[in-house]
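What follows is a single structure, written as C-alpha cells, with notes after it.
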Amino acid sequence: MSALLVLEDGRAFPGRSCGAPVEKTGEVVFNTSMTGYQEILTDPSYRGQIVVMTVPEVGNYGVNDEDPQSGRIQVEGFVVRSMSEISSNWRARGTLDGYLKQAGIPGITDVDTRAVTRHIRSQGAMRGILAHGTESVDRLAARARSSPRLEQQDLVGAVTCPRAFRYVPGPGESADATIPPIPIAAFDLGMKSNILRRLSLSGFDVTVLPATTSAETVLALGARGVFLSNGPGDPAAATGVVQTTRELVGKVPLFGICLGHQILALALGARTFNLKFGHRGGNQPVKDLASGRVLITAQNHGYSVDPDRLPTGLEVTQINLNDGTVEGIRHRDLPILAVQYHPEASPGPQDSYPLFDSFRDFILAARV
C-alpha cells in the first residue's frame with residue numbers, strides 16, 4: 001500500500017506503508033542514532049511525535065523483550081528509509097513491522113529520509129500527518145495544520161504512572177550489598193525504564209511518584225533526595241510539577257535530567273525556549289566547563305534552558321559543543337543539579353553513567 005508523510009507546510013514525502021494502516025498526526029522530528037530503534041519507539045519523551053530515523057536501514061536485528069523503555073510504543077508514527085523484513089539477532093522475538101502492527105502504530109518505508117531531515121533542519125520541526133491511501137496532499141496538510149501543537153497537550157499527564165510504587169530491582173540491577181541504600185523519590189514525567197535500573201545500581205531505594213504528587217506527600221515519604229525524570233512536551237506547560245518542584249527547593253536535594261532539568265530551571269525562575277529542530281540522537285558532544293572533559297551523550301529534547309535568563313545562584317556547568325546550548329546547571333548554594341542529556345543512554349553512549357553515582361555523593365554531602 002502506498003503511504004505519504006505530509007508536513008503542515010504542504011511538503012509531501014511518498015513511500016510504502018508498514019506498521020498499522022492507520023492515520024496519525026504529530027510533530028515530525030528526526031533521530032540520528034545508528035541503533036536502538038526499539039528504545040526510541042518506547043521512550044515516553046516521544047509521545048506526540050512522528051520520528052524519522054536518519055540511519056538508512058532499520059529493523060535488521062528485530063525486536064526483543066529486554067530493550068523497551070516503557071510498556072508500549074510511544075511515538076505517533078515511524079519513518080524510515082528501508083525497513084528490514086527479517087530479524088537477524090539471537091534476542092529477536094519478532095520483526096519491527098510486526099511490532100508496529102501489533103501496537104497499532106503506523107509506519108512508512110522507502111522514504112527519502114535525508115530529504116525529510118534537511119527540510120526540518122532548514123524550516124524547523126513542524127506538525128505532520130502519516131497517511132495511507134490516495135487522499136490529496138492539500139487535504140492531508142490541512143489536517144496536519146489543524147492538529148494540536150505539543151504545548152497545547154498534557155503529554156506528561158498522558159505518560160506518568162497512575163499511582164506511586166516502589167521499584168523492585170530485577171536480576172543484576174541491585175548495587176553492591178555493602179552499600180547502604182538511600183531512599184529517594186522519583187517523579188515519573190515519562191521515565192525510561194533504564195533510569196530506574198541505573199538508579200538502583202547506584203544504591204538508591206526508589207519510590208516512583210505520579211507527576212501530580214504534592215510536595216507535602218514527597219516530604220512525608222522521608223526521601224533523602226528527589227529525582228525528576230525525562231518526559232515529553234513543552235516544560236512550560238507542566239505548571240503543576242513546576243510549582244511542586246518550587247516548593248521542594250531548599251528542603252531536599254534535587255536532581256533532574258532532560259525534561260526534569262528544564263522543570264528545575266523553571267522552578268528556580270529561569271526560562272526555556274523551543275529549539276529549531278532539537279537534539280535527538282546518541283552522538284551529542286557535551287563539554288564540562290569545570291574539567292574541560294567532553295562527553296558523548298544521548299539526547300532527546302526540543303526545548304532548552306535560556307542561558308541569558310538564569311536567576312541569581314544558578315550557573316551553567318556544561319554546554320553542547322554543536323550549538324552552545326545549556327547541557328547542565330547547578331545552584332551555588334542549594335543542593336540542586338541537572339543535565340539536559342540522558343545519562344542512562346538506551347540507546348547511546350555510556351560516558352555519563354557515573355552521573356548517577358555523583359547524585360549519590362551529592363546527597364551524602366548535602367546539608368538539608
Original post:
Tell me, what is the percent relative contact order of region 156-365, built from C-alpha pairs under 8 Å that lie six or more residues apart?
Top reply: 18
**OP:** Determine the relative contact order of region 223-310: mean sequence separation of Cα pairs under 8 Å and six or more apart, normalised by residue count, in whole percent.
**Re:** 29
Subject >> From the C-alpha gyration tensor of region 2-148, square roots of 5λ in Å >> reply: 24, 15, 14
Subject >> Cβ crowding within 10 Å averaged over residues, with 336-349, 52-65, 312-325 ranked highest first >> reply: 336-349, 52-65, 312-325
Original post:
How are the Cα pair distances of region 113-233 distributed, in percent, across 10 Å bins from 0?
Top reply: 11, 29, 23, 17, 15, 4, 0
Subject >> Relative contact order of region 2-148, pairs being alpha-carbon contacts under 8 Å that are 6 or more residues apart, as % >> reply: 36
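If you take the C-alpha gyration tensor of the chain, multiply each eigenvalue by 5 and take the square root, what semi-axes do you get, largest first, in whole Å?
Details: eigenvalues 243, 101, 68 Å².
For the chain, the semi-axes come out at 35, 22, 19 Å.
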Subject >> Ellipticity estimate at 222 nm from DSSP helix runs (n ≥ 4, -39,500 (n - 2.57)) divided over the chain, nearest 500 >> reply: -6500 deg cm²/dmol
Original post:
Among 258, 18, 161, which comes first, second and so on when ranked by fewest other beta-carbon atoms within 10 Å?
Top reply: 161, 18, 258
**OP:** Evaluate 2.2 N^0.38 Å with N set to the residue count of region 95-137, then give the Cα radius of gyration divided by it.
**Re:** 1.41
Original post:
Between Rg and the Kirkwood Rh of region 156-365, both from Cα atoms, what is the Rg to Rh ratio?
Top reply: 0.93
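Quick note: the coordinates plus some simple rules give every number you see, no bench work behind them. In this text the structure is predicted, and so the values were computed from the model without any measurement. In this analysis, Cβ positions are derived from the backbone assuming ideal geometry, glycine residues included, and neighbour counts consider all displayed protein chains.
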